[in-house]
Amino acid sequence: MQPEIHVLGLSLKSFGIVFACGFLAAGAIVARRLRELGRPVDQAYELELAALLGGLIGSRLYYVIQNYSQVKHDLLGSLFSGSGLVWYGGVIGGTLGVVLWAHRRHFLGLALLDYAAPLLALGYAIGRIGCQVSGDGDYGTASSLPWAMAYPHGTKPIHTTVQPTPIYETLAMGLLALALWRLRDRFRPGILFALYLVLSGTERVLVEIIRRNHAVVAGLTVPQLFSLALVAAGVAWLVQAQKPLLRAIS
């Protein structure tokens, strides 16, 4: 792992570099998908900017809310700190940014959600690479498995071997992103996003079992509760979508 990279006297955060690579990769897919949908490719830059700004603001606010007891004495400094970016806050903020952009560009609808599904999965997968190389504490419980590893030089160092959960999540969400991309034109609008909710939520519920987050309700962590809500929403969406088909068959 390498939390910082020194280039020409400058100290660059490895997480930030991976973060930027994630947006470049997403930008390439955004441009291709817009072309497939017959929309101007230059709108990809607008969409990326809206998602970036909304995601950064949302992730910072979510972090401050989640860790209020630790940052309440310096709220302003915590908001503009370079550390503490939370995925779910980024998703909420990024979603709001994209919705505002889509409303302005008359692209608001179920097709937009399907359009975003593989991008969200890809962004998560690449983001976890950043967590791994920076050693930011998103690793799992102690383990003696052959591939378990310590993070002695991470931003949140640990010297005992633990489950490398960022690697697990990169592999799982990378495969999900690939599957969603291949299925992008197979279903009617909305179904692809519902599948994303179910599968990504299930992935997070499972990986949390071997992570170090504290349980808050019924033995479940905050990410698990949030993920279960996503799974429930996705399942309800899929069931509702199948009702017309079932009525037609009966």
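Residues to consider are LEU122, LEU85; find the one that is modelled with pLDDT under 90, among the aliphatic types (A, V, I, L, M) and buried (at least 20 other Cβ atoms within 10 Å of the Cβ).
LEU85
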Going through the stretch 175-197 in order, the residues found to be open to solvent by 30 Å² or more (accessible area, probe 1.4 Å) and within 29 Å of LEU145 (Cβ to Cβ) are LEU175, LEU178, ALA179
Could you grab me the full set of residues in the stretch 14-57 that are in contact with a Gly (Cβ under 7 Å, 6 or more places away or on another chain), in contact (Cβ under 8 Å) with a residue 60 or more places away in the chain and either closer than 17 Å to ALA116 by Cβ or in a strand (DSSP E or B) (or both)? GLY22, ALA26
Of all residues in the stretch 88-109, which are touching a residue at least 40 places away in the same chain (Cβ under 8 Å) and either open to solvent by 80 Å² or more (accessible area, probe 1.4 Å) or outside any helix (DSSP H, G or I) (or both)? LEU96, LEU100, ARG105, PHE107, GLY109
Out of the residues in the stretch 135-166 meeting the condition of being in contact with a helix residue (DSSP H, G or I) (Cβ under 6 Å, 6 or more places away or on another chain) and of a type outside the set (Phe, Trp, Tyr), tell me which one is most open to solvent (accessible area, probe 1.4 Å). THR155
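The values are calculated or read from the model by the stated rules, or taken from the named source; none is laboratory data. Since the model is a prediction, treat every value here as computed from it, not as a measurement. Cβ: placed from backbone, ideal geometry, glycine included. Neighbour counts: every protein chain shown. Each accessible area value is taken on the protein alone, full model and side chains, heavy atoms only, with ligands, DNA and RNA left out. Shrake-Rupley method; radii C 1.70, N 1.55, O 1.52, S 1.80 Å.
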